[in-house]
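Some notes on the structure that comes next.
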Amino acid sequence: MDQPHSTANREQVADTMIGLTRPSHSHRVIVAGSDSLELYLCLRRRGLVHVTTTTTCRIPRRQHTVGLITGQGSLLAIEAALTQISQFLSASAAIAVLIDSRESGFSLKVRTRLQQMGFQIEAGVRCQQGLVLSAYRQGFVEMENAA
């Protein structure tokens, strides 16, 4: 009985992430996190053909315009996924992160980490699985060159 409910939750997370990052069928999307394969399959069923995961994409060339992180329960796991996915994201990428922890201050720590990586928080949406934060970065190349 848990399977349909779990599938419905995953679908809701995918819908929320798609709504926040607004990928088109031509955008390259990369997925990270412990539930990345399930999210990958969900996105493919929705017609997004340029989707990959950090484990299947061999060479990070900053060619992806959308990054999605799901299935993370700890701050360390989210930070590791952010570090891993950031090398695949373009200078003007959008990202959505599922925060499924109910810990006090957890989302604030994730927001701070995203801002340190050059992302500007745009929205946060609650769903059954937790909170989905979306952020964009623009002009990241200039920031990297200045550093």
- Find the residue count for the range 91-102, including only residues that are open to solvent by less than 20 Å² (accessible area, probe 1.4 Å) and touching a residue at least 40 places away in the same chain (Cβ under 8 Å). 5
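The rows are residues; the columns are (1) in contact with a Ser or Thr (Cβ under 8 Å, 6 or more places away or on another chain); (2) aliphatic (A, V, I, L, M); (3) within 21 Å of Gly124 (Cβ to Cβ).
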| position | (1), (2), (3) |
| --- | --- |
| Val51 | no, yes, no |
| Cys57 | no, no, no |
| Val66 | yes, yes, yes |
| Thr70 | yes, no, yes |
- Mind telling me which of the residues Thr70, Thr83 ends up being among the hydroxyl-bearing types (Ser, Thr, Tyr), within 23 Å of Ser107 (Cβ to Cβ) and assigned to a helix (DSSP H, G or I)? Thr83
- Query: Just checking, how many residues over the range 36-57 are outside any loop (DSSP other than H, G, I, E, B) and open to solvent by less than 60 Å² (accessible area, probe 1.4 Å)?
  - Reply: 8
- Item | Candidates Gly33, Gly71, Gly67, Gly105, filtered to the one that is modelled with pLDDT under 85 and crowded, with 18+ Cβ neighbours inside 10 Å | Gly71
- Item | Residue satisfying condition, being in a strand (DSSP E or B) and basic (Lys, Arg), within set Arg126, Arg113 | Arg126
- Task: State whether the residues of the range 36-45 include one that is farther than 17 Å from Val132 by Cβ and in contact with a Phe, Trp or Tyr (Cβ under 6 Å, 6 or more places away or on another chain).
- Result: no
- Message: Being modelled with pLDDT under 90 and either within 18 Å of Cys127 (Cβ to Cβ) or open to solvent by 80 Å² or more (accessible area, probe 1.4 Å) (or both) is the requirement here; does Gly19 meet it?
- Response: no
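The values are calculated or read from the model by the stated rules, or taken from the named source; none is laboratory data. Treat the numbers as computed from the prediction; the structure is a model and nothing was measured. Virtual Cβ from ideal backbone geometry, glycine too; neighbours counted across all protein chains shown. Side chains are part of the model used for accessible areas, which takes the heavy atoms of the whole protein and leaves out ligands, DNA and RNA. Shrake-Rupley method; radii C 1.70, N 1.55, O 1.52, S 1.80 Å.
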